[in-house]
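Report on the following structure.
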């Protein structure tokens, strides 16, 4: 049942026995498991649920009033509908067909283009990051987000560099059945772009 609640710890069991594919820090390969593991570590270190940590550390300070991490298949109203288009069949609305708990900390956040723009300007601009974390954030290795962003992609600490003929921007892409997102900003966080697509 795709609407059931997925236990994040059980999801990590799918990759628990996998061998390392490269030396840590030398390359990047996208995996939903990395963000789930970090969220579980944050919960264990603080004794606070990840959803509450996001509210306290990210949503409130940035004023993201239309952003949340739902655990079920219902979305906060209003929401953009996402579809599966498979001709000759009619489009199927997938908006509430799958529980966000299946991706949880690795793509389950629901937001608006405006809130997403505010977030990516802060994140790409290094707001509230100490110098050591900012250096790590901007240390890039070969790798791309999934789906890949525009131009030449490189992976940093939860941030991607997109080198295009118009300049370099920093951000992240994401997808979930029926939806694809791109959010990117300049290094100083002053300008941003968000794109939300449904199929």
Filtering the stretch 156-171 for residues that are at pLDDT 95 or above and surrounded by fewer than 20 Cβ atoms within 10 Å (Cβ to Cβ) leaves a count of 5
Taking the stretch 67-105 and the residues there that are touching a helix residue (DSSP H, G or I) at 6+ places or on another chain (Cβ under 7 Å) and outside any loop (DSSP other than H, G, I, E, B), the one that is nearest to residue 187 (Cα to Cα) would be 105
Which residues, counting only those in the stretch 137-150, are more than 30 Å from residue 91 (Cβ to Cβ) and surrounded by 15 or more Cβ atoms within 10 Å (Cβ to Cβ)? 137, 138, 140, 143
The condition from (1) closer than 16 Å to residue 106 by Cβ; (2) at pLDDT below 90 that residue 3 misses is numbered (1)
If the requirement is being under 27 Å from residue 42 (Cα atoms) and part of a loop (DSSP other than H, G, I, E, B), which of these qualifies: 182, 116, 129? 129
Only one of 174, 108 that is surrounded by 15 or more Cβ atoms within 10 Å (Cβ to Cβ), at pLDDT below 95 and part of a loop (DSSP other than H, G, I, E, B): 108
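So that you can scan it fast, the table gives a plain yes or no per residue for (1) in contact with a helix residue (DSSP H, G or I) (Cβ under 8 Å, 6 or more places away or on another chain); (2) closer than 28 Å to residue 3 by Cα:
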residue	(1), (2)
113	no, yes
116	no, yes
137	no, no
147	no, yes
181	yes, yes
Taking the conditions exactly as written (at pLDDT 85 or above, assigned to a helix (DSSP H, G or I) and loosely packed, with under 11 Cβ neighbours inside 10 Å), does residue 16 satisfy them or not? no
Is one or more of the residues making up the stretch 29-37 over 21 Å from the mean Cα position of the chain (by Cα) and closer than 22 Å to residue 157 by Cβ? no
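The values are calculated or read from the model by the stated rules, or taken from the named source; none is laboratory data. This is a predicted model, so every value here is computed, not measured. Note: ideal-geometry Cβ built from the backbone for every residue, glycine included; neighbour counts use all protein chains shown.
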